[in-house]
Amino acid sequence: MELNSVKEPDGLTGARADVLIVGAGPTGLALATDLTRRGVRTTVIEKADHLFPGSRGKGLQPRTLEVFDDLGVIGEVLASSAPAPVQMIWQDGERQGEHHMFDPVETTTAAPYAGTPRIMPQWRTQEILSARLTGLGGEVSFGSALTSLTQDTSGVTATLSTGATVRAAYAVAADGGRSTVRAALSIAMTGESVDPSSMLVADVRVPALDRLNWHVFPGDAGFLVLCPLPGTEDFQLVARFPDGERPDLSADGVRTLIAARTHLDAADVTEVLWSSDFRPRAALADRFRAGRVFLAGDAAHVHSPAGGQGLNTSIQDAYNLGWKLGRVLRDGAPESLLDSYEAERRPNAAEMLGLSTRVHRGEQRRGSATQQLGIGYRGGPLSEGAAGALEAGDRAPDGPLDGGRLFDAFRGPHFTLLAVGTDAELPPLDPGAVHVHRLDAYEPYGKGLFLVRPDGYIGWAGDDATGLTGYLTRC
């Protein structure tokens with residue numbers, strides 16, 4: 001696939017969009033949903049004929065639940081998921097006792113989704129996002145692989161395996177760890193092997209095993225775990241293999257593996273629904289942008305699954321990029337706003353990669369850091385000022401507001417200006433672009449003026465409005 005600069009094509013016949021999104025995984029679907037609700041025309045292409053069928057990225061961290069709240073799918077997510085169960089350790093067919101994988105984190109008014117991460121199979125996450133996208137008027141073009149992509153000073157032109165062409169202002173590579181777009185851009189991935197051993201992941205049905213625990217079977221040949229998937233009859237199986245040994249992905253191979261490492265018989269595994277293998281690695285793209293093309297999700301960073309950070313970091317890439325593309329394409333914001341995507345997201349991805357690797361190697365517990373509520377953009381290009389208890393770049397806490405919640409006020413594509421415990425005079429503001437709320441002093445904020453970005457982070461803060469208007473002109 002080629003990627004180079006060309007002149008604006010003349011007489012192009014084909015689809016036209018504001019943003020072409022390559023890949024209909026969680027990243028691509030979250031981005032398309034966010035953009036579509038902002039009135040940005042998206043074309044989502046997916047080379048497969050259907051959504052991904054496996055449970056792979058099953059852990060949902062509290063910060064991602066906050067994103068889902070804003071995207072309007074939190075009800076479906078909570079109904080289809082459940083807190084991660086306590087692990088049960090087995091040895092020689094006997095229960096040895098429970099093991100708490102996650103350190104306790106308290107749910108508070110300011111962080112309503114904090115606590116044990118929730119479990120939901122990745123295929124269900126994609127179903128929920130896909131339904132939301134469809135409800136907003138968007139869609140996915142399945143069976144459409146990208147065969148060529150060119151860019152010029154005003155847009156990108158894509159050719160698909162179907163023979164169709166798409167012309168868009170920007171393109172986003174959300175096509176996974178083996179991203180063809182990233183390869184075409186000649187963007188390298190820098191990283192390391194986290195574990196030289198192969199891992200098998202599969203979705204299986206084992207009616208003989210209770211669904212109250214996350215079952216762990218240690219052993220000399222390598223560990224095997226079976227985690228019940230909420231809302232289904234299935235378990236996710238993960239097994240580690242000795243260095244140099246490759247797993248048998250066939251249904252019989254999976255059954256034989258379970259029989260060899262647990263007290264279960266092969267016949268107890270009534271169905272093998274999906275299976276795959278991988279070698280845990282941590283890698284980060286050297287760049288997240290090349291011209292009018294952006295990398296997001298696994299196309300930009302690849303994690304060990306041990307920390308439960310990969311899917312969550314990916315969705316937050318989409319959430320960060322979505323409002324910025326919307327502002328540029330629909331609200332007249334300067335194109336330079338898009339430069340902040342890499343500046344903000346790449347350092348965060350690097351931090352989460354390090355965290356995932358330490359958890360995988362047993363060097364760090366799964367505590368508050370893995371919940372991603374502490375992720376922020378202090379010192380970043382869109383962070384200016386401080387007031388009360390917060391500094392620009394911090395996540396904006398939830399709290400009560402006029403019989404509802406601050407998160408209700410934040411929901412949507414607008415900025416939100418909070419005047420907390422202050423009667424400071426405000427400059428004239430576009431009421432469609434900036435929603436203003438005054439409230440009494442509130443401990444998580446303290447006192448001051450706080451401009452909350454569309455992605456729920458403090459962009460600007462101050463004791464008075466000096467600098468507020470200038471900040472908004474940059475966004």
Residue under evaluation residue 116, criteria (1) hydroxyl-bearing (Ser, Thr, Tyr); (2) in contact with a helix residue (DSSP H, G or I) (Cβ under 8 Å, 6 or more places away or on another chain); (3) without any contact (Cβ under 8 Å) to a residue 60 or more places away in the chain, criterion not met: (2)
Subset of region 115-131 [more than 16 Å from the chain's Cα centre (by Cα) and either surrounded by 19 or more Cβ atoms within 10 Å (Cβ to Cβ) or over 27 Å from residue 68 (Cα atoms) (or both)]: 116
Residue pairs meeting the criteria (Cβ under 7 Å; at least 6 apart or on separate chains; first assigned by TED's automatic domain parsing to the domain that holds residue 286, in region 350-378; second of a type in the set (Phe, Trp, Tyr)): 366/102
Flag if residue 253 is under 13 Å from residue 197 (Cβ atoms), more than 28 Å from the chain's Cα centre (by Cα) and free of Cβ contacts under 8 Å to residues at least 24 places away in the same chain: no
Boolean, residue 171 is over 30 Å from residue 351 (Cβ atoms), in the same structural domain as residue 325 (by TED's automatic domain parsing) and part of a strand (DSSP E or B): no
Selection from region 98-136 of residues that are assigned to a strand (DSSP E or B) and either of a type in the set (Ser, Thr, Tyr) or within 21 Å of residue 51 (Cβ to Cβ) (or both): 118, 119
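Given the residues 347, 381, which is the only one that is modelled with pLDDT of 90 or more, surrounded by fewer than 18 Cβ atoms within 10 Å (Cβ to Cβ) and touching a Ser or Thr at 6+ places or on another chain (Cβ under 6 Å)?
When all the criteria are applied, what remains is 381.
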Tabulated pairs, region 423-447, first within 21 Å of residue 391 (Cα to Cα), second of a type outside the set (A, V, I, L, M, F, W, C) and part of a strand (DSSP E or B), C-beta under 6 angstrom, 6+ apart or interchain: 435/416
Of all residues in region 200-210 being crowded, with 19+ Cβ neighbours inside 10 Å and out of contact with any helix residue (DSSP H, G or I) (no Cβ under 6 Å at 6 or more places or on another chain), the one that is nearest to residue 87 (Cα to Cα): 209
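Of the residues 181, 166, 194, which is surrounded by 20 or more Cβ atoms within 10 Å (Cβ to Cβ), closer than 21 Å to residue 279 by Cβ and in contact (Cβ under 8 Å) with a residue 60 or more places away in the chain?
194
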Filtered residue count, region 137-154, keeping only those that are part of a loop (DSSP other than H, G, I, E, B) and surrounded by fewer than 21 Cβ atoms within 10 Å (Cβ to Cβ): 7
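The values are calculated or read from the model by the stated rules, or taken from the named source; none is laboratory data. Note that the coordinates shown come from a computational prediction; the quantities given were computed from them, not determined experimentally. Glycine gets a Cβ as well: all are built from the backbone with ideal geometry, and neighbour counts include every protein chain shown.
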